[in-house]
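A short worksheet on the structure shown next.
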Amino acid sequence: MTGFDLPGTLRRIRRLADRSQRELAVELELSKSAIAAAESGRRDLPVSALARAAALAGLRLALLDADGAEVAGMAPDAVRD
């Protein structure tokens, strides 16, 4: 399994959403420099910002297991530590 490619993923999302870095930054309430830095691999983004960006492109984030099957989140009343 490989690491997550945030720069490539964010660029793909932005292109699919047909947004400039500046437009995406405004919609995500981030600075343009934060978007540029994330796209170049110099900084991370909160997962909530990435999920909002994906939604703009008609996409959603998902967790996949080693076989590529989607892993659902746990129910709110599930056992906790």
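Odds and ends about this structure:
- Where a residue in region 19-45 is under 19 Å from Asp5 (Cβ atoms) and among the acidic types (Asp, Glu) and its partner, wherever it lies, is open to solvent by 60 Å² or more (accessible area, probe 1.4 Å) and at pLDDT 95 or above, with Cβ under 8 Å and at least six apart: Glu39/Arg11
- Search result, residues across region 1-55 that are within 30 Å of Ala69 (Cβ to Cβ) and open to solvent by 80 Å² or more (accessible area, probe 1.4 Å): Met1, Thr2, Phe4, Asp5, Arg11, Arg12, Arg15, Leu16, Asp44, Val47, Arg52
- With respect to being without any contact (Cβ under 8 Å) to a residue 60 or more places away in the chain, open to solvent by 40 Å² or more (accessible area, probe 1.4 Å) and touching a strand residue (DSSP E or B) at 6+ places or on another chain (Cβ under 9 Å), Gly68 falls outside the description.
The values are calculated or read from the model by the stated rules, or taken from the named source; none is laboratory data. This is a predicted model, so every value here is computed, not measured. With ideal geometry, Cβ positions are generated from the backbone for all residues, glycine too; neighbour counts draw on all protein chains shown. Surface accessibility is based on the protein's heavy atoms, side chains included, excluding ligands, DNA and RNA. Shrake-Rupley method; radii C 1.70, N 1.55, O 1.52, S 1.80 Å.
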